[in-house]
Amino acid sequence: MNTTSVPTRARVTMNDVADLAGVSKASVSRFIGEDRQLLSEAIAQRIEQAIETLGYRPNQMARGLKRGRTRLIGMLVADIRNPYSVAVMHGVETACRKHGYSLVVCNTDRDDEQERLHLAALRSYNIEGLIVNTLGHHLDELLELHSELPMVLVDRKVDQLQSDLVGLDNIATVKQALNHLHAAGYRDILMITEPQDGTSSRIERVDAFNAQIALRPDMHGQVRETGAQLRDQLQAFLAATGAGPKALFTSNGVATLSSTRLLHDLGCHLFDDIGLIALDELDWYPLVGSGITSLAQPTHDMGVTAFECLLNRLRGDQEPVRSYDFPAELIVRGSTRRRP
């Protein structure tokens, strides 16, 4: 069998750049580092031209390790398929890029063993800080890592981990949803959530829903979880004689998708037979029926804030941990049209 060898291009070094520019290696190091202002404009231009001519690409990892800095930020997410996680991650990455950092994302896929392996991998990468959006079942590993570097939690609290938390103002958002449904004439409300697996934001939303319903004697509310049983529960809710016009309140995008599919399968006329308000704003909401009313989370701003909290800690901020509770934006569409 004939084989053709592909010639490999020799790696361009810092010495090559220095020779072509007629400067010292130290000057090249200053140019690609954080001391560029120490160089004269003429020398900086010669180095820049040499780098462009040779196609030099500095080894940022090696430089970072030498200086004790990698400019890497880690992000641990529970489910990268969740649109919320993707949107927050985009905000984090945008802020990282703005400040000269790179983002390393690890998806646990809601698997505790994967979380343990990813934490070990992130430590080996010498990340400078960590953004956590998981249940944090490996508390000992997280606490040990937190003793070495700053962490910020997103959406989910982790018991015993004293870190800044960025998330939604869940109590105010649930109240906002019920206020809107009440004003539109809905009185029989079914809240649908993903299973209560210890996720703090899910627990807060359900607790806030029950507390708000208790304050409204003319409204009736109940809570159901996504899963195999939800179809029968939705069918029973639609068939039952209730306290008035019925509506669903879905607590995140995953619950909204599951509920909308089941309503369609049950032959429900969206949104004549039942109203719907969804927490989270997804691209397909305007396309279903007359559009799904939503409570949009400012996910991009949440991601940016999470990184900025981390950056402040990296710069020496020793203030007590903070919680950043963002408000939701109500976007009204046909799914909550006014009922008599």
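The values are calculated or read from the model by the stated rules, or taken from the named source; none is laboratory data. Please read these numbers as outputs of a predicted model, since none were measured by experiment. So basically every Cβ, Gly included, is an ideal-geometry build from the backbone, and we count neighbours across all protein chains shown.
Okay, here's what the table says:
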{"item": "Search result, residues across region 241-253 that are outside any helix (DSSP H, G or I) and either in contact with a Ser or Thr (Cβ under 9 Å, 6 or more places away or on another chain) or touching a residue at least 12 places away in the same chain (Cβ under 8 Å) (or both)", "result": "Gly242, Ala243, Gly244, Pro245, Lys246, Ala247, Leu248, Phe249, Thr250, Ser251, Asn252"}
{"item": "Wholly within region 116-235, helices (runs of 4 or more DSSP H) carrying at least 2 residues that are among the acidic types (Asp, Glu) and not assigned by TED's automatic domain parsing to the domain that holds His90", "result": "200-214"}
{"item": "Verdict on Ile80 being of a type in the set (A, V, I, L, M), surrounded by 13 or more Cβ atoms within 10 Å (Cβ to Cβ) and either within 29 Å of Leu149 (Cβ to Cβ) or at pLDDT 90 or above (or both)", "result": "yes"}
{"item": "Hits in region 280-294 (condition: crowded, with 24+ Cβ neighbours inside 10 Å, in contact (Cβ under 8 Å) with a residue 40 or more places away in the chain and not in a loop (DSSP other than H, G, I, E, B))", "result": "Thr293"}
{"item": "Any hit, region 317-324, residues being β-branched (Val, Ile, Thr), surrounded by fewer than 16 Cβ atoms within 10 Å (Cβ to Cβ), part of a loop (DSSP other than H, G, I, E, B) and in contact with a strand residue (DSSP E or B) (Cβ under 7 Å, 6 or more places away or on another chain)", "result": "yes"}
{"item": "Elements of type helices (runs of 4 or more DSSP H) in region 4-67, at least 3 residues being loosely packed, with under 14 Cβ neighbours inside 10 Å and at pLDDT 65 or above", "result": "41-54"}
{"item": "Residue pairs meeting the criteria (Cβ under 8 Å; at least 6 apart or on separate chains; first over 17 Å from Phe307 (Cβ atoms) and among the small types (Gly, Ala, Ser), in region 149-176; second at pLDDT 95 or above and not in a loop (DSSP other than H, G, I, E, B))", "result": "Ala172/Asp325"}
{"item": "Hits in region 193-220 - residues which are charged (D, E, K, R) and farther than 27 Å from Tyr84 by Cα", "result": "Arg216, Asp218"}
{"item": "Conditions (1) within 14 Å of Ala278 (Cα to Cα); (2) within 19 Å of the chain's Cα centre (by Cα); number of the one not met by Thr199", "result": "(1)"}
